[in-house]
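S.K.: Here's a structure for you.
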Amino acid sequence: MRRILSVLMENEPGALSRVVGLFSQRGYNIESLNVAPTTDNTLSRLTLTTTGDDLKIEQITKHLNKIVDVVKVVDLTEGAHVERDMLLVKVRAEGAQRDEVKRTTDIFRGQIIDVGPATYIVQLTGPIDKLDSFLSALGEAEILEVVRSGVAGIARGEKVLTI
Amino acid sequence: MEQLSGGDMIVRALEDEGVEYIFGYPGGAALHIYDSIFKANSVPHILVRHEQAATHAADGYARATGKPGVVLVTSGPGATNAITGIATAYMDSIPMVVISGQVQSHLIGEDAFQETDMVGISRPIVKHSFMVQRTEDIPSIIKKAFHIATTGRPGPVVVDVPKDLTHPEHKFDYEYPESVSMRSYQPSTRGHSGQVRKAARLLLNAKRPVIYAGGGVIQGEGSELLTQLARKLNYPVTNTLMGLGAYPATDRQFLGMLGMHGFYEANMAMHHSDVILAVGARFDDRVTNTVSKFCPGAKIIHIDVDPASIAKIVPVDVPIVGPVTTVLKDLDAQIDQQRSSSERTMPDAEAIVDWWRQIDNWRAAHGLWHGRRYGESDFIMPQDAITALYEATNGEAYVTSDVGQHQMFAAQYYKFDYPRRWINSGGLGTMGFGLPAAMGIKLAMPDAEVACVTGEGSIQMNIQELSTCAQYDVPVKIVNLRNNYLGMVKQWQDMQYDSRYSESHYASSLPDFVKLAEAYGHVGMEIKDKADLEPAMREAFAMRDKLVFLDIFVEPHEHVYPMHVAPNGAMKDMWLSKTERT
Ligand SMILES: Cc1cc2nc3c(=O)[nH]c(=O)nc-3n(C[C@H](O)[C@H](O)[C@H](O)COP(=O)(O)OP(=O)(O)OC[C@H]3O[C@@H](n4cnc5c(N)ncnc54)[C@H](O)[C@@H]3O)c2cc1C
Ligand SMILES: Cc1ncc(C[n+]2csc(CCOP(=O)(O)OP(=O)(O)O)c2C)c(N)n1
Ligand SMILES: [Mg+2]
């Protein structure tokens, strides 16, 4: 099963490599990884998606908690939550495709954020399956480059992940 | 406030921590620190002959005393040489602080002379590591390093210090913190009371119980509590290789070691048990044999300070996260309470008597200490050599070992009645551990007898430490069970590769160990005759202020038994000799 783990960790040099190292060292896989500072500049927040049965996820969570730089770990998929991934895609936009790409982008409520003589850059935010379907909906259009932020997630309602 | 350079701060902080010995080796990036050591002349430094030996010596010191071992090495090759010893300590959860010199801050990342990314290469084998970035941080980092190394599940911590931050002319305020608190590091100090209650109930309702105790009981100072609990319940106890001494080996309730080379009665009792109380043990693959066949009828209670050890290998019925001491106290109190409560839960006395009868039958059939289980030969038998060592030292010695058959014979035949006396590398299985570890112990406890049981293969991995022993006058006794083979490798080749001895022999090229010992200023003794074994052993230990190298020629073709049947065997499936199996 796919899980989204949110990790609060000390904003220390080497902290990220300890988390990533744990996954390679113990043979766990990381599907996506997203790290950024928080409003508290001593902490950074990391969101990672991984897959595994309950036992494996339990071990991953325990081992993450064991890392001295890690302050807190939450499995967002255990409760109601919101998740977003951001996609930037550069597509060939010439001739008939120029209108077609625009139409598809509108349907998915994406934005064209750069317009070149023969290319568009489209920005789209949403859960990963929405981004996946957008990419397949581009159909005929030639995709030149894709970049995604990796999933960022947050629990719904009153629940907050802070220290 | 006092102003100190970074180098002086390191030495002062070690002094403030109460460090008794630094085990180390100098080099460019550590020279400011070495100069501070010279000037302060406070904490004694032991100059080893190879950085690996510094880590093992610090490790042996830590295992025997319970205090953290301290290592100081230079950058690059000094740091990489320390890696094997750090990994050894990590696998066995031993508290250690390793300070490594690093190239100057502004050179980091430039492939500078003797630069290696020490924090990077040690990352998977440390509990934590620090790269010092400002001299002012040195006192608090060292404080944290000791705190992390010694609390919770102990382990090695690396502190990497760029040379410029130890410069004698750059001085800063020094104050050693009295305490430390880290929001991201708070090991458990108490088990969950509801779980403890459940555990007590399960234990009191057991009909075929076994207590399976490991290295955590020794590291966590839980031996006495465990022994009391086991005696109160009259339940059988088995120890892992790392747990030997956690329960007195000469006690009737002791079943011996369990696992791959464990005692028949211990493995049989585990397999047929209905309740297992696992304390400070981690269900290692050398214990469980095939996991899916592990103790099919048993409910498992698991006490461990590290939540990640629990349910890692086998599912557990009652997990208890906490240190052995507080958890065993709580459990003991719960048991008393439940026994005196209105329901008066009591162990089923009849069932326990039957269980002991069964165990005694196993003991009588194939028990390790029941009569003589191994053959005779013209050579000295390795088992007899260990028994002679046991007798010559009245079972009181600190015994270190290397890795191989000799290690297993020592584990089986030296009956350890006290914790911290049996010092060996279990998790990593590091040949070369024994001699430097013995050195560290003898320095800590000059009045104790310290013996290193080794093989002619292992001893050559850190033989250079005979020189360190000469320099600091460290009169350990080396008991070399010389079988002329990498014996443990040969045993596997006998059993699984039709005795094709691929690269496991070297008889014609072995040194004359007697002369070698003498070359370093020590005493060497060659023992070939059975009749000489006991007198020689006594003579060696009578030379209290001499390092004696006992080169004992033992039967080259002996195997270690019992041995788990693999693959696909359960705990009860064992080879009992070259021809018999369960
Ligand atoms: C050649 C060879 C053969 C071997 N054969 C065998 C064999 O036959 N049988 C055998 O048992 N081993 C054998 N081993 C050793 C084996 O590889 C493991 O090292 C050993 O089984 C682990 O012992 P342990 O379970 O006691 O765990 P340890 O490695 O000692 O781990 C201790 C556990 O206790 C926990 N702990 C630490 N401190 C505390 C505390 N204060 N409170 C609570 N918990 C704590 C830790 O978190 C950890 O889970 C062999 C090794 C070699 C090299
Ligand atoms: C550093 C290291 N290299 C290789 C091994 C694999 N190994 C395990 S036991 C053994 C043989 C040890 O030979 P010896 O020291 O003579 O002991 P014996 O088994 O003969 O008693 C080897 C090579 C190891 N454990 N450690
Ligand atoms: Mg040998």
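S.K.: Can you name the number of the only condition in (1) within 15 Å of ligand 2 (Cβ to nearest atom); (2) surrounded by 21 or more Cβ atoms within 10 Å (Cβ to Cβ); (3) aliphatic (A, V, I, L, M); (4) touching a residue at least 60 places away in the same chain (Cβ under 8 Å) that B:Ile423 fails?
M.R.: With respect to (1) within 15 Å of ligand 2 (Cβ to nearest atom); (2) surrounded by 21 or more Cβ atoms within 10 Å (Cβ to Cβ); (3) aliphatic (A, V, I, L, M); (4) touching a residue at least 60 places away in the same chain (Cβ under 8 Å), B:Ile423 is out only on (1).
S.K.: Looking at region A:115-132 only, could you name the residues that are surrounded by fewer than 17 Cβ atoms within 10 Å (Cβ to Cβ) and either hydrophobic (A, V, I, L, M, F, W, C) or in contact (Cβ under 8 Å) with a residue 24 or more places away in the chain (or both)?
M.R.: Within region A:115-132, A:Val115, A:Ala118, A:Gln123, A:Thr125, A:Pro127 qualify.
S.K.: Exactly one condition in (1) over 28 Å from the mean Cα position of the chain (by Cα); (2) within 14 Å of chain A (Cβ to nearest Cβ) is false for B:Ser188; which is it?
M.R.: Going through (1) over 28 Å from the mean Cα position of the chain (by Cα); (2) within 14 Å of chain A (Cβ to nearest Cβ) one by one, B:Ser188 breaks only (1).
S.K.: On the given criteria, is A:Asp40 more than 14 Å from chain B (Cβ to nearest Cβ) and either of a type outside the set (Lys, Arg) or closer than 30 Å to A:Thr119 by Cβ (or both)? Don't jump to the end; show me each part of the working.
M.R.: Details: more than 14 Å from chain B (Cβ to nearest Cβ): no; either of a type outside the set (Lys, Arg) or closer than 30 Å to A:Thr119 by Cβ (or both): yes.
Considered against the rule, which asks whether it is more than 14 Å from chain B (Cβ to nearest Cβ) and either of a type outside the set (Lys, Arg) or closer than 30 Å to A:Thr119 by Cβ (or both), A:Asp40 comes out as no.
S.K.: For the subset of region B:395-407 comprising residues that are part of a loop (DSSP other than H, G, I, E, B) and of a type outside the set (Val, Ile, Thr), which member is nearest to ligand 1 (Cβ to nearest atom)? Write out each step before concluding.
M.R.: Step one: of region B:395-407, the residues part of a loop (DSSP other than H, G, I, E, B) are B:395-397, B:402-404.
Keeping just the survivors that are of a type outside the set (Val, Ile, Thr) gives B:395-397, B:402, B:404.
Numbers: B:Gly395: 21, B:Glu396: 23, B:Ala397: 21, B:Asp402: 10, B:Gly404: 7 Å.
Top of the filtered list is B:Gly404.
S.K.: Hey, another quick one. I need a count of the residues in region B:216-230 that are surrounded by fewer than 24 Cβ atoms within 10 Å (Cβ to Cβ) and assigned to a helix (DSSP H, G or I). I'd like the intermediate steps shown before the answer.
M.R.: Applying the first criterion (surrounded by fewer than 24 Cβ atoms within 10 Å (Cβ to Cβ)) to region B:216-230 yields B:221, B:223-225, B:227-230.
From what's left, assigned to a helix (DSSP H, G or I): B:223-225, B:227-230.
Qualifying residue count for the region: 7.
S.K.: While we're looking at this one, here's another question. Return only the number of the condition from (1) touching a Ser or Thr at 6+ places or on another chain (Cβ under 8 Å); (2) touching a residue at least 60 places away in the same chain (Cβ under 8 Å); (3) more than 9 Å from ligand 1 (Cβ to nearest atom); (4) among the β-branched types (Val, Ile, Thr) that B:Val305 does not satisfy.
M.R.: (3)
S.K.: From the residues in region B:115-156 that are under 15 Å from B:Tyr90 (Cβ atoms) and of a type in the set (A, V, I, L, M), which one is surrounded by the fewest Cβ atoms within 10 Å (Cβ to Cβ)? Spell out the reasoning first.
M.R.: So in region B:115-156, the residues under 15 Å from B:Tyr90 (Cβ atoms) come out as B:118-119, B:121-129, B:145, B:148-150, B:152-156.
Now restrict to residues that are of a type in the set (A, V, I, L, M): B:118-119, B:121, B:125-126, B:145, B:148-149.
Working: B:Met118: 28, B:Val119: 21, B:Ile121: 14, B:Ile125: 21, B:Val126: 24, B:Ala145: 27, B:Ile148: 25, B:Ala149: 26.
For region B:115-156, the residue satisfying everything is B:Ile121.
S.K.: Keeping to region B:308-332, report how many residues are assigned to a loop (DSSP other than H, G, I, E, B) and within 13 Å of ligand 1 (Cβ to nearest atom). Before the answer, list the steps.
M.R.: First, pick out the residues of region B:308-332 that are assigned to a loop (DSSP other than H, G, I, E, B): B:310-317, B:322-323.
The next check asks that each one be within 13 Å of ligand 1 (Cβ to nearest atom); those that pass are B:310-314, B:316, B:322-323.
Summing the residues that are assigned to a loop (DSSP other than H, G, I, E, B) and within 13 Å of ligand 1 (Cβ to nearest atom) in region B:308-332 gives 8.
S.K.: Within 16 Å of ligand 3 (Cβ to nearest atom) and either surrounded by fewer than 23 Cβ atoms within 10 Å (Cβ to Cβ) or acidic (Asp, Glu) (or both) - does that describe any residue in region B:433-447? Talk me through it step by step, then tell me what you get.
M.R.: So in region B:433-447, the residues within 16 Å of ligand 3 (Cβ to nearest atom) come out as B:433-435.
This time we only want the ones that are either surrounded by fewer than 23 Cβ atoms within 10 Å (Cβ to Cβ) or acidic (Asp, Glu) (or both), so: none.
There is no residue in region B:433-447 that is within 16 Å of ligand 3 (Cβ to nearest atom) and either surrounded by fewer than 23 Cβ atoms within 10 Å (Cβ to Cβ) or acidic (Asp, Glu) (or both).
S.K.: Looking at (1) in contact (Cβ under 8 Å) with a residue 60 or more places away in the chain; (2) within 13 Å of ligand 1 (Cβ to nearest atom), find the lone condition where B:Gly440 falls short.
M.R.: Against the list (1) in contact (Cβ under 8 Å) with a residue 60 or more places away in the chain; (2) within 13 Å of ligand 1 (Cβ to nearest atom), B:Gly440 comes up short only on (2).
S.K.: Something else now. Scan region B:433-454 for residues that are under 22 Å from B:Thr240 (Cβ atoms) and within 16 Å of ligand 2 (Cβ to nearest atom) and jot them down. Before you say what the answer is, go through the steps one by one.
M.R.: From region B:433-454, those under 22 Å from B:Thr240 (Cβ atoms) are B:433-434, B:437-438, B:441, B:451-454; that's our starting set.
Of everything in region B:433-454, those that are under 22 Å from B:Thr240 (Cβ atoms) and within 16 Å of ligand 2 (Cβ to nearest atom) turn out to be B:Phe433, B:Gly434, B:Ala437, B:Ala438, B:Ala451, B:Cys452, B:Val453, B:Thr454.
S.K.: I'd like the full set of residues that are surrounded by 24 or more Cβ atoms within 10 Å (Cβ to Cβ), more than 9 Å from ligand 2 (Cβ to nearest atom) and polar (S, T, N, Q), limited to region B:386-411.
M.R.: B:Thr400, B:Ser401, listed by residue number.
S.K.: Just to check your reading of the model, which residue among B:Asp402, B:Asp332 is of a type in the set (Asp, Glu) and more than 16 Å from ligand 3 (Cβ to nearest atom)? Break it down into steps so the answer makes sense when it comes.
M.R.: On the way: B:Asp402 fails: more than 16 Å from ligand 3 (Cβ to nearest atom).
Result: B:Asp332 is the single residue among B:Asp402, B:Asp332 that is of a type in the set (Asp, Glu) and more than 16 Å from ligand 3 (Cβ to nearest atom).
S.K.: Sticking with this structure for a sec: Just to be sure before I move on: is A:Ile128 under 18 Å from A:Ser6 (Cβ atoms), under 19 Å from the mean Cα position of the chain (by Cα) and at pLDDT below 95 in the structure I sent?
M.R.: yes
S.K.: Being more than 14 Å from every other protein chain (Cβ to nearest Cβ) and crowded, with 22+ Cβ neighbours inside 10 Å: is that true of B:Ile359 here? I'd like the intermediate steps shown before the answer.
M.R.: Values: more than 14 Å from every other protein chain (Cβ to nearest Cβ): yes; crowded, with 22+ Cβ neighbours inside 10 Å: no.
Spelling it out, it is not the case that B:Ile359 is more than 14 Å from every other protein chain (Cβ to nearest Cβ) and crowded, with 22+ Cβ neighbours inside 10 Å.
S.K.: Looking at this structure, is B:Gly76 touching a residue at least 40 places away in the same chain (Cβ under 8 Å) and out of contact with any strand residue (DSSP E or B) (no Cβ under 8 Å at 6 or more places or on another chain)?
M.R.: Working: touching a residue at least 40 places away in the same chain (Cβ under 8 Å): yes; out of contact with any strand residue (DSSP E or B) (no Cβ under 8 Å at 6 or more places or on another chain): yes.
Criteria met by B:Gly76.
S.K.: Continuing with this model, one more query. Would you please list the contacts, defined by Cβ atoms under 7 Å and residues six or more apart or on different chains, that run from a residue in region B:563-582 that is modelled with pLDDT under 95 to a residue that is among the basic types (Lys, Arg)?
M.R.: So the pair list comes out as B:Thr582/B:Lys572.
S.K.: Could you identify the single residue in B:Ala470, B:Ala410 that is away from ligand 3 (no atom under 16 Å from the Cβ), part of a helix (DSSP H, G or I) and not polar (S, T, N, Q)?
M.R.: Every option except B:Ala470 fails the conditions.
S.K.: Follow-up. Can you tell me which residue in region B:362-385 is farthest from B:Phe549 (Cα to Cα), limited to those that are crowded, with 16+ Cβ neighbours inside 10 Å and within 16 Å of ligand 2 (Cβ to nearest atom)? Steps first, answer last, please.
M.R.: Step one: filter region B:362-385 for residues crowded, with 16+ Cβ neighbours inside 10 Å, giving B:362-363, B:366-369, B:373-374, B:379-385.
Subset that is within 16 Å of ligand 2 (Cβ to nearest atom): B:374, B:379-385.
Working: B:Tyr374: 26, B:Phe379: 19, B:Ile380: 17, B:Met381: 18, B:Pro382: 16, B:Gln383: 18, B:Asp384: 18, B:Ala385: 14 Å.
Across region B:362-385, the extreme among qualifying residues is B:Tyr374.
S.K.: Which residue is farthest from A:Ser44 (Cα to Cα), if the candidates are limited to region A:57-66 and must be buried (at least 19 other Cβ atoms within 10 Å of the Cβ) and more than 8 Å from chain B (Cβ to nearest Cβ)?
M.R.: Restricting to residues being buried (at least 19 other Cβ atoms within 10 Å of the Cβ) and more than 8 Å from chain B (Cβ to nearest Cβ), the top hit is A:Ile57.
S.K.: Suppose we filter region A:12-36 for residues that are within 14 Å of another protein chain (Cβ to nearest Cβ) and on the phi < 0 side of the Ramachandran plot; how many remain? Working first, answer last.
M.R.: First pass over region A:12-36, keeping only residues within 14 Å of another protein chain (Cβ to nearest Cβ): A:12-28.
Of the ones still in play, those that are also on the phi < 0 side of the Ramachandran plot are A:12-13, A:15-26, A:28.
Selection size over region A:12-36: 15.
Conditions tested, residue by residue: (1) touching a residue at least 60 places away in the same chain (Cβ under 8 Å); (2) more than 16 Å from ligand 3 (Cβ to nearest atom); (3) surrounded by 15 or more Cβ atoms within 10 Å (Cβ to Cβ); (4) more than 14 Å from chain A (Cβ to nearest Cβ).
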site: B:Asp494; (1), (2), (3), (4): yes, no, yes, yes
site: B:His505; (1), (2), (3), (4): no, no, yes, yes
site: B:Glu518; (1), (2), (3), (4): no, yes, no, yes
site: B:Leu533; (1), (2), (3), (4): yes, yes, yes, yes
site: B:Arg538; (1), (2), (3), (4): yes, yes, no, yes
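S.K.: Identify, from the list B:Ile313, B:Ile335, B:Ile320, B:Ile300, the residue that is closer than 30 Å to B:Leu576 by Cα and more than 14 Å from every other protein chain (Cβ to nearest Cβ). Walk me through it before giving the result.
M.R.: Details: B:Ile313 fails: more than 14 Å from every other protein chain (Cβ to nearest Cβ); B:Ile335 fails: closer than 30 Å to B:Leu576 by Cα; B:Ile320 fails: closer than 30 Å to B:Leu576 by Cα.
Exactly one residue qualifies, and that residue is B:Ile300.
S.K.: Moving on. Filter region B:290-307 down to the residues that are assigned to a loop (DSSP other than H, G, I, E, B) and under 21 Å from the mean Cα position of the chain (by Cα), then identify the one that is nearest to ligand 2 (Cβ to nearest atom). Even if it seems obvious, please write down each step before you answer.
M.R.: Taking region B:290-307 and keeping what is assigned to a loop (DSSP other than H, G, I, E, B), we get B:290, B:294-298, B:305-306.
From the residues that got through so far, the ones that are under 21 Å from the mean Cα position of the chain (by Cα) too are B:305-306.
Working: B:Val305: 28, B:Asp306: 25 Å.
Per the stated criteria, the residue is B:Asp306.
S.K.: Of B:Ile22, B:Ile86, which residue is crowded, with 23+ Cβ neighbours inside 10 Å and touching a Leu at 6+ places or on another chain (Cβ under 7 Å)? Spell out the reasoning first.
M.R.: Numbers: B:Ile86 fails: touching a Leu at 6+ places or on another chain (Cβ under 7 Å).
On inspection, the qualifying residue turns out to be B:Ile22.
S.K.: Turning to a different aspect of this structure: So which residues in region B:120-136 are within 8 Å of chain A (Cβ to nearest Cβ) and either hydrophobic (A, V, I, L, M, F, W, C) or under 28 Å from the mean Cα position of the chain (by Cα) (or both), if there are any at all? Even if it seems obvious, please write down each step before you answer.
M.R.: Residues of region B:120-136 that are within 8 Å of chain A (Cβ to nearest Cβ), as a first pass: B:120, B:123-124, B:127-129, B:131, B:133.
Those that are within 8 Å of chain A (Cβ to nearest Cβ) and either hydrophobic (A, V, I, L, M, F, W, C) or under 28 Å from the mean Cα position of the chain (by Cα) (or both): B:Gly120, B:Arg123, B:Pro124, B:Lys127, B:His128, B:Ser129, B:Met131.
S.K.: Kindly indicate which of B:Glu110, B:Glu169 is assigned to a loop (DSSP other than H, G, I, E, B), more than 13 Å from chain A (Cβ to nearest Cβ) and free of Cβ contacts under 8 Å to residues at least 12 places away in the same chain.
M.R.: One residue alone meets the criteria, B:Glu110.
The values are calculated or read from the model by the stated rules, or taken from the named source; none is laboratory data. Bear in mind the structure is a predicted one, so any value in this text is a computation, not a measurement. When we count neighbours, we look across all protein chains shown, and the Cβ atoms used for this are built from the backbone with ideal geometry, even at glycine.
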